[in-house]
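For reference, the structure is listed below as structure tokens.
The values are calculated or read from the model by the stated rules, or taken from the named source; none is laboratory data. Here the structure is a predicted model, which is why all the values come from computation and not from measurement. Here the Cβ positions follow ideal geometry from the backbone for every residue, glycine too, while neighbour counts run over all protein chains shown.
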There are 2 protein chains.
Amino acid sequence: MRTDGLSINLATVRQQWNLVEAVEACARHGIKAVDPWRDQVAAVGLDVAVRAIKDNGMQVSGYCRGGMFPAADAAGRQAAIDDNKRAIDEAAALGAQCLVLVVGGLPAGSRDIGAARRMVADGLAAVLPHARASKMPLAIEPLHPMYAGDRACVNTLKQALDLAETLGDDVGVAIDTYHVWWDPELEAQIARAGRARRIFGYHICDWLVPTKDLLLDRGMMGDGVIDFQRVRGWIEQAGYTGLTEVEIFSAANWWTKPGDEVLRTVIERYNATL
Amino acid sequence: MRTDGLSINLATVRQQWNLVEAVEACARHGIKAVDPWRDQVAAVGLDVAVRAIKDNGMQVSGYCRGGMFPAADAAGRQAAIDDNKRAIDEAAALGAQCLVLVVGGLPAGSRDIGAARRMVADGLAAVLPHARASKMPLAIEPLHPMYAGDRACVNTLKQALDLAETLGDDVGVAIDTYHVWWDPELEAQIARAGRARRIFGYHICDWLVPTKDLLLDRGMMGDGVIDFQRVRGWIEQAGYTGLTEVEIFSAANWWTKPGDEVLRTVIERYNATL
């Protein structure tokens with residue numbers, strides 16, 4: 001079965017393996033790209049992570065994650081900006097194709113989502129010069145509206161693209177089917193993103209019915225209700241030729257299974273969506 | 001404290017009282033409007049429900065609910081249309097100001113949300129003549145995108161208004177803060193709905209952080225992150241002068257408390273949002 005074009009977001013096997021073990025497992029399965037998380041890199045050390053990725057000939061489809069810009073006070077917002085600059089440096093060291101941004105939700109105690117959105121725009125503008133100097137594209141990931149309060153107040157592809165356009169080049173989007181599949185404007189906005197050459201990442205993950213947990217009950221492709229072939233068609237039509245990254249948070253199911261079984265299943269289902 | 005303009009969606013006290021008890025309790029608390037659910041009406045019988053509402057001088061801000069149009073086959077879709085006509089008749093008997101529509105999600109086994117959306121439009125068109133003959137306005141309630149798979153494939157106010165416009169007069173929207181608070185286009189779409197005189201209902205319910213259950217962990221106003229005064233301002237600016245309906249599904253919290261305590265709290269929080 002094909003593994004070309006496939007990338008594994010290492011959150012998918014975060015309970016089974018550390019970063020080095022996960023990278024080696026991907027290599028064993030013929031997978032040639034990964035997207036690691038910052039805590040996974042920190043757990044083994046950046047140098048060890050870089051070496052594991054280089055030694056195994058892995059591409060890095062993205063680095064998870066920057067963002068989390070809103071904060072209750074200016075010091076908190078500056079700390080977020082500084083932390084994003086460090087994330088950019090790590091992403092560059094890893095050779096990542098982009099830094100994935102989960103922009104953040106409402107600051108504690110706030111009910112002002114408009115203000116949070118302005119903090120996101122300001123934070124992005126503040127880190128963009130460093131990203132450009134580091135030649136690190138920033139990929140805004142619109143998250144499902146159910147995360148608007150606590151994780152990301154950018155909740156549609158249209159909103160992410162509007163934001164990217166105000167910032168200029170080197171800012172694009174990571175499109176994750178889990179977050180955007182429901183959007184009545186999805187086809188039109190994917191086409192728009194393609195015309196603007198702003199699709200920096202494409203992630204796949206299924207929406208289960210029922211979904212039993214807001215964060216950790218995401219589905220393997222084919223187990224839910226998303227029409228991957230249709231969305232893939234729109235993505236290809238939009239001119240995206242990059243990697244397809246599988247990212248599944250699944251506390252009660254996939255995180256409990258042997259990592260090799262998860263990777264085998266990912267490869268099977270990836271082929272079924274092609 | 002004020003109770004004028006306040007309506008209680010009877011799902012809010014569905015575990016405490018049957019319809020007659022709930023209506024009498026609302027009257028005791030000085031509340032002059034309710035929105036009953038079909039199963040609550042069926043449990044006591046339509047005639048008994050009508051009498052309880054009339055005897056207590058209640059307005060009926062809406063009737064929950066019609067919709068659920070998509071089905072795997074034509075017979076299922078026709079059954080849904082027939083059932084919606086019965087719902088319209090019941091709503092008319094109750095003197096409801098509108099029939100609230102939760103339009104339905106994907107039919108079992110389907111991954112085609114576009115097809116489901118077309119079934120919704122077709123179903124609405126099929127019941128509209130009966131609604132008009134019964135002088136019963138139809139209020140499409142856009143549901144939060146996390147229900148797109150199983151409950152409602154109309155997920156934004158814009159989408160609901162686009163649909164209403166294709167159908168013509170007598171079709172509008174029920175705007176529930178819980179479902180739409182996250183939408184970056186909310187202010188603009190409320191204004192649009194007002195210009196088109198299509199706001200048939202305004203429901204309030206808070207979004208809790210964290211939300212522990214996708215269906216039954218909704219919050220009392222003030223306990224979550226929604227800025228009710230801001231949204232109320234937009235609603236008033238849009239010219240809406242109708243009732244404000246409190247609708248809270250809360251299995252682990254409010255449904256476990258004495259109904260009188262729930263109603264007292266609703267009245268306090270309603271006043272705080274004015």
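Every condition in (1) more than 14 Å from chain B (Cβ to nearest Cβ); (2) touching a residue at least 60 places away in the same chain (Cβ under 8 Å); (3) within 19 Å of A:A80 (Cα to Cα) holds for A:G172 except the one numbered (3).
May I ask you to say which residue of A:E141, A:E185, A:E165 is facing another protein chain (nearest Cβ under 9 Å) and not small (G, A, S)?
A:E185
Could you look through the range A:92-131, keep only residues that are on the phi > 0 side of the Ramachandran plot and either of a type in the set (V, I, T) or within 14 Å of another protein chain (Cβ to nearest Cβ) (or both), and pick out the one that is surrounded by the most Cβ atoms within 10 Å (Cβ to Cβ)? Across the range A:92-131, the extreme among qualifying residues is A:G104.
Scoring A:R197 on the criteria (1) in a helix (DSSP H, G or I); (2) more than 9 Å from chain B (Cβ to nearest Cβ); (3) among the basic types (K, R) leaves a single failure, condition (1). Taking the conditions (1) in a helix (DSSP H, G or I); (2) surrounded by fewer than 22 Cβ atoms within 10 Å (Cβ to Cβ) in turn, A:A71 satisfies each one other than (1). Between B:Y202, B:Y178, the distinction of being touching a Ser or Thr at 6+ places or on another chain (Cβ under 6 Å) and in contact (Cβ under 8 Å) with a residue 12 or more places away in the chain belongs to B:Y202 only. The one condition from (1) within 21 Å of the chain's Cα centre (by Cα); (2) surrounded by fewer than 16 Cβ atoms within 10 Å (Cβ to Cβ); (3) over 19 Å from B:V127 (Cβ atoms) that B:R86 does not meet is (3).
A:A79 passes every criterion in (1) without any contact (Cβ under 8 Å) to a residue 60 or more places away in the chain; (2) of a type outside the set (V, I, T); (3) buried (at least 24 other Cβ atoms within 10 Å of the Cβ) apart from (3). Residues of the range B:212-225 that are buried (at least 18 other Cβ atoms within 10 Å of the Cβ), at the interface with chain A (Cβ under 9 Å from one of its Cβ atoms) and either closer than 21 Å to B:V13 by Cβ or among the aromatic types (F, W, Y) (or both): B:G224 alone. Cβ-Cβ distances below 8 Å connect the following pairs, each with a first residue in the range A:117-130 that is within 23 Å of B:W182 (Cβ to Cβ), a second residue that is of a type in the set (G, A, S) and assigned to a helix (DSSP H, G or I), and a separation of six or more residues or different chains: A:G123/A:A80. Can you find a residue that is closer than 21 Å to A:N9 by Cβ, in contact with a helix residue (DSSP H, G or I) (Cβ under 8 Å, 6 or more places away or on another chain) and small (G, A, S) anywhere in the range A:71-83? No: zero hits. The residues in the range A:202-219 that are in a loop (DSSP other than H, G, I, E, B), within 18 Å of B:L106 (Cβ to Cβ) and touching a strand residue (DSSP E or B) at 6+ places or on another chain (Cβ under 7 Å) can be counted, and the count is 5. Within the range A:84-110, the residues that satisfy the criterion of being out of contact with any strand residue (DSSP E or B) (no Cβ under 8 Å at 6 or more places or on another chain) and within 24 Å of A:L161 (Cα to Cα) are A:K85, A:A92, A:L106, A:P107.
If I filter the range A:228-238 for residues that are buried (at least 24 other Cβ atoms within 10 Å of the Cβ), free of Cβ contacts under 8 Å to residues at least 12 places away in the same chain and within 14 Å of chain B (Cβ to nearest Cβ), do I get at least one hit? Show your work before the answer.
Here is the first cut: in the range A:228-238, the residues buried (at least 24 other Cβ atoms within 10 Å of the Cβ) are none.
Looking through the range A:228-238, none of the residues is buried (at least 24 other Cβ atoms within 10 Å of the Cβ), free of Cβ contacts under 8 Å to residues at least 12 places away in the same chain and within 14 Å of chain B (Cβ to nearest Cβ).
For the range A:166-189: of the residues being farther than 18 Å from A:T273 by Cα and of a type in the set (V, I, T), which is surrounded by the fewest Cβ atoms within 10 Å (Cβ to Cβ)? Applying the filter and picking the extreme gives A:T166. Screening B:D47 against (1) under 30 Å from B:N271 (Cβ atoms); (2) assigned to a helix (DSSP H, G or I); (3) of a type outside the set (A, V, I, L, M, F, W, C) leaves a single unmet condition, (1). For the range A:235-274, a residue qualifies if it is touching a helix residue (DSSP H, G or I) at 6+ places or on another chain (Cβ under 6 Å) and at pLDDT below 95, and exactly one does: A:T273.
Considering only residues that are surrounded by fewer than 24 Cβ atoms within 10 Å (Cβ to Cβ) and touching a helix residue (DSSP H, G or I) at 6+ places or on another chain (Cβ under 9 Å), look in the range B:54-68 and name the one that is nearest to B:G104 (Cα to Cα). It comes out as B:M68. Checked against the criterion of being without any contact (Cβ under 8 Å) to a residue 60 or more places away in the chain, assigned to a loop (DSSP other than H, G, I, E, B) and of a type in the set (A, V, I, L, M, F, W, C), the range A:51-66 contains one or more residues that satisfy it.
Residue by residue through the range B:132-160, note down the ones that are crowded, with 24+ Cβ neighbours inside 10 Å, out of contact with any helix residue (DSSP H, G or I) (no Cβ under 6 Å at 6 or more places or on another chain) and free of Cβ contacts under 8 Å to residues at least 40 places away in the same chain. If the condition is that a residue be crowded, with 24+ Cβ neighbours inside 10 Å, out of contact with any helix residue (DSSP H, G or I) (no Cβ under 6 Å at 6 or more places or on another chain) and free of Cβ contacts under 8 Å to residues at least 40 places away in the same chain, then B:T156, B:A160 are the ones that fit. A:G168 meets all of the listed conditions (1) closer than 28 Å to A:K32 by Cβ; (2) at pLDDT below 95 but one, namely (1).
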